[in-house]
Amino acid sequence: MAPARRSAQWSHDGVYAYFRVYLPGEDVIDRVRISDHKLEEVVNLRNFRDTSSAFGTWMGIDAEDEPLLVRDAGAQDIHALTLDLP
């Protein structure tokens, strides 16, 4: 079975493409260096409970090229974030 790849994102410097790989029993975020096609595993999501919508799951990249994901925290949890910028 070929892996399903979704949510491709470019690194900020354009050196890597990040993507999520779905295999039976395996869920990882990989990146590939464009210049030489070197594949690296960034994070294994084996125990990560993500959430999905009618459009599937979501993945982004932050300013440091770290993966951003939406986690399923349950229907009872409400979280707030306050951001104080200088």
* Asked: Any chance the stretch 46-60 includes a residue that's under 23 Å from Ser11 (Cβ atoms), modelled with pLDDT of 90 or more and of a type in the set (Ser, Thr, Tyr)?
  -> no
* Asked: What are the pairs, 6+ residues apart or on separate chains, where a residue within the stretch 59-86 that is over 12 Å from Phe48 (Cβ atoms) and in a loop (DSSP other than H, G, I, E, B) has its Cβ under 9 Å from a residue that is at pLDDT below 80 and among the aliphatic types (A, V, I, L, M)?
  -> His79/Ala73
* **Close pairs (7 angstrom Cβ cut-off, 6 or more residues apart or separate chains): under 16 Å from Leu68 (Cα atoms) in the stretch 20-46, of a type in the set (Gly, Ala, Ser) anywhere** => Arg20/Ser7; Arg31/Ala17
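The values are calculated or read from the model by the stated rules, or taken from the named source; none is laboratory data. On a predicted model such as this, the values are computed, not experimentally measured, just so you know. Virtual Cβ from ideal backbone geometry, glycine too; neighbours counted across all protein chains shown.
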